[in-house]
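Scroll down for the structure; my scribbles are underneath it.
The values are calculated or read from the model by the stated rules, or taken from the named source; none is laboratory data. From a predicted model like this one, the values you see are computed outputs, not experimental measurements. Note that we place each Cβ from the backbone using ideal geometry, even for glycine, and neighbour counts take in every protein chain shown. Keep in mind that these areas ignore ligands, DNA and RNA; they rest on the heavy atoms of the full protein, side chains included. Shrake-Rupley method; radii C 1.70, N 1.55, O 1.52, S 1.80 Å.
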Amino acid sequence: MPLRSLPPLPEPASEERIEGLAAELREQHPALALVRGLAERTRLSRDYHDYSPVLASLLAGRVAQLAARATCVEEVVAVAGACARHGVPLTLRGAGTGNYGQCVPLAGGMVLDLTGLRALRQLDPHSGVVEAEAGWVLADLDRRLGQAGRALRLQPSTGRTATLAGFIAGGSGGIGSLRWGFLRDPGNLLGLEVVTVEPRPRLLRLDATDAAALNHAYGTNGILTAVRLATCAAIPWWQLVVDFASLEEALAAAAALPATSLLLNALCLLEAPLAAGMPWPAGCPAPRSGEHRLLLLSAPDALEALPGWLAAHGGRECWRQAEDASRGVPLRELGWNHTTLHWRSQREGWTYLQMLLPRPEAPLLAAVRQRWGADVLWHLEAVRQGGDARLAALPLVRWRGLDDLEALIDQCRALGAVIFDPHTITVEDGGLGVVDGHQVAAKGRFDPQGLLNPGKLRGWFSRTPG
Ligand code: FAD
């Protein structure tokens, strides 16, 4: 069962201990920005977990006792060492856009903001491999890569705010997952620079194999100061909006399109009520009543054949525009968890779920509709999973209490879906539900006192001593 309560946590550090930590940092690193005020500490202790009513009540009132903003690796090392010497929990933070309460400090202590680490370490002109510091905003990094004809393979829909290290430690995929799968797929993440949390921290370089244990570990087993990634050739993507009168036809097109040779970077399907509730880009007409929408990012060379293919599958192209000419909300900010954001911003009482759909997808969608009616609305995303074109779903779910949520999860699981549960705080429960021994072993090596983001790695707090 996923954890829906707080795990065992260390006692908050005493006032004296926090004062001792702050005094040491002030004395030895006067340039390091420390944050003492409650309002700013509270802001730095939040993310977007309130999409889940379960997490909203579980994490209410969890605030760091002290925060700091690092601007260079030396300051990260200083904070890591001081926290280890004073035995104070340390939670890392990028832009704070996570949905699982990943950067909410459950046990108080220190929150370290790494958005100030912004050096570009390397961009190899031959391979396109990039190494950049933790705090780069992904869209900025993508623009920088574009100057060299390269692009990030994967970006969350929050790319305009989210940081590089926050994406690696807290994210999974998004725009580009249709081509490149997920961050954890071998070949995307090539290496990490990591600071350990020890009285005398080590600065380590991990290759792709060793870095895997820190990929999507919520910053529980090492501080990422730089990330090494494979990139891809930059393509000037076009936004396309296609309407379907029938959900069955839209679903069939969404399932079949990624298996063609039409080059796409994103494919999102919104069921009619969701499509009607989105803020469309300037110039893009709202859908006609009852029409379902496919949102595509298409390569220029696919634009010739796409309309014919879509028409043959029951679709009607109703808008297209080059992405770099977009005004208003771009299509990439209508998919993934932005669908959830826009829908919730207009209505109270809705949450969401995440799953990989079984194939064929239609029976699950129909069975859920039969049981829950319009309390579950379908939002699908095309992804590559283990090399295969698949459809993931992030349905909007009317909140009817925890029992109904569990019943919906059980039903989807019984029908063959793989659930990625966004109503739980641990790395494992939000993922495949199993403890990854490599993640736990890395924590033992890089955070032996267990100070990093306490309570988020189930394999650590539930391990048997010895
Ligand atoms: P934060 O939220 O600040 O941190 C995330 C985790 O990483 C935390 O556990 C934190 O402790 C840890 N961390 C941060 N910096 C470091 C570091 N230097 N070293 C070690 N650990 C660190 N996610 C997706 O994967 N795909 C999506 O398409 C997507 N869409 C979203 C849409 C919306 C509207 C919202 C609100 C969220 C979405 N997310 C998505 C979740 C989130 O935006 C992304 O995962 C994002 O990449 C997180 O980056 P961040 O800088 O905000 O990280």
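Which residues, taken from the stretch 420-458, are open to solvent by less than 10 Å² (accessible area, probe 1.4 Å) and more than 14 Å from the ligand (Cβ to nearest atom)?
Result: 421, 423.
Filtering the stretch 311-330 down to residues that are farther than 19 Å from residue 243 by Cβ and touching a strand residue (DSSP E or B) at 6+ places or on another chain (Cβ under 6 Å), which residue is least open to solvent (accessible area, probe 1.4 Å)?
So, considering only residues that are farther than 19 Å from residue 243 by Cβ and touching a strand residue (DSSP E or B) at 6+ places or on another chain (Cβ under 6 Å), the one least open to solvent (accessible area, probe 1.4 Å) is 322.
On the given criteria, is residue 225 open to solvent by less than 10 Å² (accessible area, probe 1.4 Å), in contact with a Lys or Arg (Cβ under 8 Å, 6 or more places away or on another chain) and at pLDDT 95 or above? Talk me through it step by step, then tell me what you get.
Numbers: open to solvent by less than 10 Å² (accessible area, probe 1.4 Å): yes; in contact with a Lys or Arg (Cβ under 8 Å, 6 or more places away or on another chain): no; at pLDDT 95 or above: yes.
Against the criterion (open to solvent by less than 10 Å² (accessible area, probe 1.4 Å), in contact with a Lys or Arg (Cβ under 8 Å, 6 or more places away or on another chain) and at pLDDT 95 or above), residue 225 does not qualify.
Could you tell me which of the residues 298, 289 is crowded, with 20+ Cβ neighbours inside 10 Å and either out of contact with any Phe, Trp or Tyr (no Cβ under 9 Å at 6 or more places or on another chain) or hydroxyl-bearing (Ser, Thr, Tyr) (or both)? Let's see the steps before the verdict.
Values: 289 fails: crowded, with 20+ Cβ neighbours inside 10 Å.
Sole residue among the options that is crowded, with 20+ Cβ neighbours inside 10 Å and either out of contact with any Phe, Trp or Tyr (no Cβ under 9 Å at 6 or more places or on another chain) or hydroxyl-bearing (Ser, Thr, Tyr) (or both): 298.
This table checks each residue for (1) free of Cβ contacts under 8 Å to residues at least 24 places away in the same chain; (2) not small (Gly, Ala, Ser).
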position	(1), (2)
235	no, yes
247	no, yes
253	no, no
262	no, yes
276	yes, no
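Condition check: in the same structural domain as residue 389 (by TED's automatic domain parsing) and touching a helix residue (DSSP H, G or I) at 6+ places or on another chain (Cβ under 7 Å). Does residue 257 satisfy that? Outline the logic, then answer.
Working: in the same structural domain as residue 389 (by TED's automatic domain parsing): yes; touching a helix residue (DSSP H, G or I) at 6+ places or on another chain (Cβ under 7 Å): no.
No: the conditions fail for residue 257.
Quick one: would you say residue 341 is aliphatic (A, V, I, L, M), in contact with a strand residue (DSSP E or B) (Cβ under 6 Å, 6 or more places away or on another chain) and at pLDDT 95 or above?
On the way: aliphatic (A, V, I, L, M): yes; in contact with a strand residue (DSSP E or B) (Cβ under 6 Å, 6 or more places away or on another chain): no; at pLDDT 95 or above: yes.
No; evaluated as a whole, the condition is false for this residue.
Can you tell me how many residues within the stretch 119-171 are open to solvent by 40 Å² or more (accessible area, probe 1.4 Å), near the ligand (Cβ under 8 Å from one of its atoms) and in a helix (DSSP H, G or I)?
Result for the stretch 119-171: 0.
Residue by residue through the stretch 187-202, note down the ones that are in contact with a helix residue (DSSP H, G or I) (Cβ under 7 Å, 6 or more places away or on another chain) and open to solvent by 40 Å² or more (accessible area, probe 1.4 Å). Full working, then the answer.
If we filter the stretch 187-202 for residues that are in contact with a helix residue (DSSP H, G or I) (Cβ under 7 Å, 6 or more places away or on another chain), which is where we start, we get 188-192, 194-201.
Within the stretch 187-202, 190, 199, 200 qualify.
Is it fair to say residue 85 is more than 9 Å from the ligand (Cβ to nearest atom) and assigned by TED's automatic domain parsing to the domain that holds residue 25?
Values: more than 9 Å from the ligand (Cβ to nearest atom): yes; assigned by TED's automatic domain parsing to the domain that holds residue 25: yes.
It is true that residue 85 is more than 9 Å from the ligand (Cβ to nearest atom) and assigned by TED's automatic domain parsing to the domain that holds residue 25.
Within the stretch 333-353, track down each residue that is more than 9 Å from the ligand (Cβ to nearest atom) and in a helix (DSSP H, G or I). Before you say what the answer is, go through the steps one by one.
Taking the stretch 333-353 and keeping what is more than 9 Å from the ligand (Cβ to nearest atom), we get 334, 343-353.
Scanning the stretch 333-353 gives 343, 344, 345, 346.
Give the number of residues within the stretch 72-92 that are open to solvent by 20 Å² or more (accessible area, probe 1.4 Å) and not in a helix (DSSP H, G or I).
Looking only at that region, the number is 3.
Do we have residue 263 as modelled with pLDDT of 95 or more and within 18 Å of residue 393 (Cα to Cα) here? Break it down into steps so the answer makes sense when it comes.
Working: modelled with pLDDT of 95 or more: yes; within 18 Å of residue 393 (Cα to Cα): no.
Here the answer is no, as residue 263 does not meet what is asked.
Does residue 321 satisfy being assigned to a helix (DSSP H, G or I), more than 26 Å from the chain's Cα centre (by Cα), polar (S, T, N, Q) and more than 16 Å from the ligand (Cβ to nearest atom)? I'd like the intermediate steps shown before the answer.
Working: assigned to a helix (DSSP H, G or I): no; more than 26 Å from the chain's Cα centre (by Cα): yes; polar (S, T, N, Q): yes; more than 16 Å from the ligand (Cβ to nearest atom): yes.
Here the answer is no, as residue 321 does not meet what is asked.
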